[in-house]
1. Would you mention how many residues in the range B:76-90 are open to solvent by less than 20 Å² (accessible area, probe 1.4 Å) and in a strand (DSSP E or B)?
2. Take the range A:344-383 and flag every residue that is open to solvent by 20 Å² or more (accessible area, probe 1.4 Å) and more than 10 Å from chain B (Cβ to nearest Cβ).
3. Cβ-Cβ under 6 Å, sequence separation 6+ or interchain: first residue in the range B:242-268 and assigned by the TED database to the domain that holds B:P304, partner open to solvent by less than 30 Å² (accessible area, probe 1.4 Å) and charged (D, E, K, R). Which pairs?
4. Any idea which of B:L55, B:L62, B:L111 is farther than 27 Å from A:C369 by Cβ and hydrophobic (A, V, I, L, M, F, W, C)?
5. Can you pull out the residues in the range B:232-260 that are hydroxyl-bearing (S, T, Y) and in a loop (DSSP other than H, G, I, E, B)?
6. Taking the range A:33-44, which residues are assigned to a helix (DSSP H, G or I) and more than 14 Å from A:A55 (Cα to Cα)?
7. If I filter the range B:216-232 for residues that are open to solvent by less than 10 Å² (accessible area, probe 1.4 Å), of a type in the set (S, T, Y), under 21 Å from B:T440 (Cβ atoms) and out of contact with any Lys or Arg (no Cβ under 6 Å at 6 or more places or on another chain), do I get at least one hit?
8. Inside the range A:137-164, can you point out the residues that are open to solvent by less than 10 Å² (accessible area, probe 1.4 Å), among the small types (G, A, S) and within 9 Å of chain B (Cβ to nearest Cβ)?
Amino acid sequence: MGPLSRETWAQRLGAFRASPSAFMAGPEGEDLGRDLLNELRSEKLSEQTKVSLLALSLEYPAQLWPDAAAAEAAATSLLDTLVLLPPRPSALRRPLLLAATTALAAGNALGPTSGASRRLLPLLLGLASGRDLGRGFGPASEQRPLQATACECLRELESCKPGLLGGCLGLLRSLLGQEGPVQPLSLLLALALRNTLVIQARARAGLQGLLVAGDMPAAGGPWNWTLAEEGDANLQPQAPSWPAAEEEECGLAVLEPSPEEARELRAAVAQLLDTSYLLTPVAQAQLLWLLGWALRGLRGQPPVLFKPQLVRLLGTAQLTLLHAVLALKAAFGEALFTAQDEALLLRRLTLAAQHPALPLPAHLFYLHCLLNFPENWPLGPTGEETAPLLLGPRLCRGLLPSLLHDPSALLAHLHLLCLLCAEDEEKEEKGQDWCPRHYLGELLAGLRQRAALHGGPRALATLCFQASYLVVHCLATQPTVLTPLTHGLARLYRARPALAPHFVDLLDRVGPELGEPLRTALRQEVVSRPGRDEALRWHLQILSKVADGKAPSATLGFLRAAAAHCTDWGLQQALLQVCRALLRAGVGEGLADLLQALARHLEDPDGRDHARLYYILLAHLAGPKLGVALGPSLAAPALTSSLVAENQGFAAVLMVQEAPAPMRLSVGPRRAAGPVPVLQLQVEVLEPLYSVELRFRVEGQLYAPLGAVHVPCLLPGRPCRPLHLPLQPRRPAPAQLAVRALFATPAGLTCHAHLPPLPVNFADLFLPFPRAPDGDKQGFFEELWDSCLPEGAESRLWCPLGPQGLEALVARHLDPFVVVAQPPTSYHVAIRLPPASRLLLRLEAAQGDGVPVALRTDDWAVLPLAGDYLRGLSAAV
Amino acid sequence: MAQRAVWLISHEPGTPLCGTVRFSRRYPTVEKRARVFNGTSYVPIPEDGPFLKALLFELRLLDDDKDFVESRDSCSHINKTSVYGLLVGGGELWPVVAFLKNNMIYACVPLVEQTLSPRPPLISISGISQSFELLFGIQDFLHLGQKNDTELNTKLNQLPDLLLQACPFGTLLDANLQNSLDSINFASVTHPQKQPAWKVGTYKGKPQVSISITEKVKSMQYDKQDIADTWQVVGAVTCKCDLEGIMPNVTISLSLPTNGSPLQDILVHPCVTSLDSAILTSSSIDAMDDSAFSGPYKFPFTPPLESFNLCYYTSQVPVPPILGFYQMKEEEIQVKITVNLKLHESVKNNFEFCEARIPFYNRGPITHVEYKVSFGQLEVFREKSLLIWIIGQKFPKSMEISLSGTVTFGAKSHEKQPFDEICIGGTAYLKLHFKILDYTLTGCYADQHSVQVFASGKPKISTHRKLISSDYYIWNSKAPAPITYGSLLLVRCHN
């Protein structure tokens, strides 16, 4: 493709960004990567357009250059473009460096064998150290920004390949001490230092003077990949996943630096921390995370080095800084934060979680931090959100929920309130006016009031149910909370039955503490107001969820009254759904009458059929069986549509269910006799099974279709006679049998399971020849032997023998087929291979470790199988 | 500690997709690490289209919440932070940090340097706070002085270059994007050593320091026996220091008059070099007593080039500046209202503006109003169902004013009137909007003479003060009103 104009490129890039996958699948996709690299050297395109091309390569290298070789080539091309730039100021140098770095790192091309890596790394290090790279490297005005960019590129490479800069620690330190740009160098050094410490700790090596040594690697000299190769196996988190949780993962404790190394390390860390105020807040935070991890658990490195930074950091409102302080707290605990410090940190966090000058997302994050606060001496179980011990009701006063909050804010604050209520249980007994629990009650009432509004947004209803769920989750043991909640929810249902799906969802997810009373309350709520109602379908949906054996007459009364209004198919199905629930609950009396009435009077034939079926089931099945028959289906446990659920439940009775294999099938000893090969199958079961039918299918049509095997009953622990499976090979070849089992469970369900495939070996097909006439066995054998040629094949091979020798081998594997035997040295064997092949063996003149075998067959295809079989014999002993 | 991708999405309700991706940026080297760290729980970053759809669904910003959808509406699907899990391409992309502000959705996905199953707590993910800073930074940049869509588009067009500077590989280097913009423009300046990364150049010119204190007062007034009124002052001190030299040192002291209200909950800018422990610990959480630290509040710092918020504080003044009550009674299609407002005598009676907005939610348009005001004038916005009582520059000598009247409403039309979830039935409020220049409610001021500058030349120092209202609500005392826990607690303490 020729050079493209700026507009064409803009169009092309636009199309690509809209959907990279669609673009790459289209006609232009293949060329994009190549065109892009070529156009960078075009003199017709403006720098701005070229920068936008490079920006694309920074985001989508994997699409442009999908494999390591392409990435390597792209990086090489980008580097070539870079060195070819004229020595005047250019906006391209920086993005070119970034793009080459991205191509190598994202394309898995970075490594000692990559030519582009060998060019890029020294170039970056040279730029980072502010060395004069000569005329080709742009005007002096660009040196400074390029120096920073080179540091960023190196840091990214070190992130992707830890240990890459392990040999440059000394150099980086000295650069930081001189005039280098503070932030990029600090972050680079901190990362390289942390990675080196981790790699050396894993290798149980010391720092080996890495902190002080290290001049520039000579220009053009080889890069030191030693540490990177070691670090390669474990890409290191730049910041610890929460320190306390994975103490061993970090594994730094094993690194015991010598006093001298410890001193150097301390000096390096102090150097970084002392100038940290020159970094932007986000960069300071990164530095603290990195150094915090580097020093954690390292002997002889007390974390007091961090102390001077803390007061400054605690005063700020910066999210990253406070978060970094929390990370230090988690990493060092009491070693860095005394009890008073901990209290102060907690207060600052509490304050930040409600400070009006901070935005809501920050509030919510701080609130999360409060509930996951890394306490010096935590009391509660780890991993659960709890209010820290020092966070009393007084501190929390401003953190309690209000109806004016956004949904997520309300839930976050509500969770805290619940935790306080849970703690407050004992104090409460003494009777205070406005205890947290009263407030909780008021709040929930307010939420329900809003949810009850007709035409209100669903979000309000959802919020109300989420809040209720959260309260039940935290305060399930407190009846003083649950009782008003139950009544309140029942009233909410009365006010807005359209919320039925929310109620069903809530009942599905809460435990019996709320579930039981709420079921009763809702049932009463529904059945107490029979008759025609706009909300009938909601009532029926609720009833199908809550109807149980209690007070069935009221429920049945409601249903009888409702039946007259169930005019459409949906309502009838909903009505029947309730009947089904009653059937399951074992309600008999009265239900039979209702079902009969429905079977006669419902308008819809489908509804009548259903009613009749239910009636028949009720009349014919005993309670437990009925329960199983109508129970939730195994195949589709969670479906939201009540109608589908209904059919699924039915399917449980009427259809075969897929189930995990309840039995083990194996091939038993061979029985070489009869007209066809017969497999002897052994069965073990894990649970009682009835009416078992085993179905077999041969893969590849090697045998004629196999008949099924039937067993009336299989019980665990009770031996079963072997099952016989006759085979009718179409070719004498081994095969796999796919096996399926159909069976009935004790619960009355019919199930279907796939069993692991069953192998049929070559030897399983062996049959002996009909007995030769007495006296002339040798002649019989020779006749067979001669008949194989000329159509067949002959071969000789070496059959290795185990320690037992030839006699044992023959006795074990070939005995039924021996025609002439002269133990222990010579055997003539004749094997019939259905449908119509023969295999003849002469095993003669056995030696210590093997026996030469002459074999003939009338079937070429058998030869390799026979060879494999014979060679495998000794191993099979 | 890095970001895998970032998006800006404009929320456009009523359009087919309900939104458009205005900007997105992916970081493939970070993505590569995510694949390794997350292992089997790794879910790749989707393309913009599917991401947009999944995010809007999760944030409930699609126009289709008519039916119950379990994956969104289930009671156990609880979100307590601005971090979400999105169902995309058969997996769940988590954590997605996202929030909506001024019709723009800011979203990004931080790298989590471990497996995502089970989900680690957010506090343990270093990239989370960085995500927030990045998004806040972009938000500040887009909305700083932005007036219209053209300016927004201009700024959006600058974003790719800015992020190339501030976040080249997904690791955020500076959340202050304006700073990055400057650094692009400053590129030719030779940097002396020890230049702070948050200060891209040096100032040349006449030295001057400008300090302005803005106090916002918010209040919730109920006029009820069992619920206490609440009010709070939130202050922000903004500085612009035009001083020569790389690292000039400045100390600003905030002072209070003898009867001033102590400053609490002080949060400072990261450029503040040290803090008195009295400042650090003075907090609204504690009960107030006479021993509370009342200044002067000294803030030593090295200023950045741009204007910045030196500190924020709160304060509990003894009385609200304007105390009032609002009574509203419903009588079929009309409501009767009575409003009374009283300016406290200690407050400077010289407003830039002062008005009371009285909205009527979840009702039809206003068809008729009969009213009597003791002062000022009433404007009626019929379609918006809103009354605005313009009080003007001064309260009368009595310091007390009143409004009474009857408002009649037409039929409610569902399409036009947005639903308000708070003001249902009799629950209603009026909201005061006012501004007083050269005044703070706490009395807090920055004395020109107390500003110390250690830099060449004597700078010109200017100070400004203003008080503005923010969330100043007076609730209808004849109906229930939303309350906070504080309102209940205070009553108990007072009794």
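The values are calculated or read from the model by the stated rules, or taken from the named source; none is laboratory data. None of these values were measured; they are calculated from a predicted model. Counting neighbours? That spans all protein chains shown, and the Cβs are built from the backbone with ideal geometry, glycine included. Heavy atoms of the whole protein, side chains included, go into the accessibility calculation; ligands, DNA and RNA do not. Shrake-Rupley method; radii C 1.70, N 1.55, O 1.52, S 1.80 Å.
1. Here is the first cut: in the range B:76-90, the residues open to solvent by less than 20 Å² (accessible area, probe 1.4 Å) are B:81-83, B:85-86, B:88.
Keeping just the survivors that are in a strand (DSSP E or B) gives B:83, B:85-86, B:88.
So the answer is 4.
2. A:E375, A:N376, A:W377, A:P378, A:L379, A:G380, A:P381, A:T382
3. Between residues of the range B:242-268 that are assigned by the TED database to the domain that holds B:P304 and residues that are open to solvent by less than 30 Å² (accessible area, probe 1.4 Å) and charged (D, E, K, R), there is no close pair.
4. On the way: B:L55 fails: farther than 27 Å from A:C369 by Cβ; B:L111 fails: farther than 27 Å from A:C369 by Cβ.
Exactly one of B:L55, B:L62, B:L111 is farther than 27 Å from A:C369 by Cβ and hydrophobic (A, V, I, L, M, F, W, C), namely B:L62.
5. The one that is hydroxyl-bearing (S, T, Y) and in a loop (DSSP other than H, G, I, E, B): B:T258.
6. The initial filter retains those residues of the range A:33-44 that are assigned to a helix (DSSP H, G or I), namely A:33-39.
Selection gives A:R34, A:D35, A:N38.
7. yes
8. Listed by number, the list holds a single entry, A:S159.
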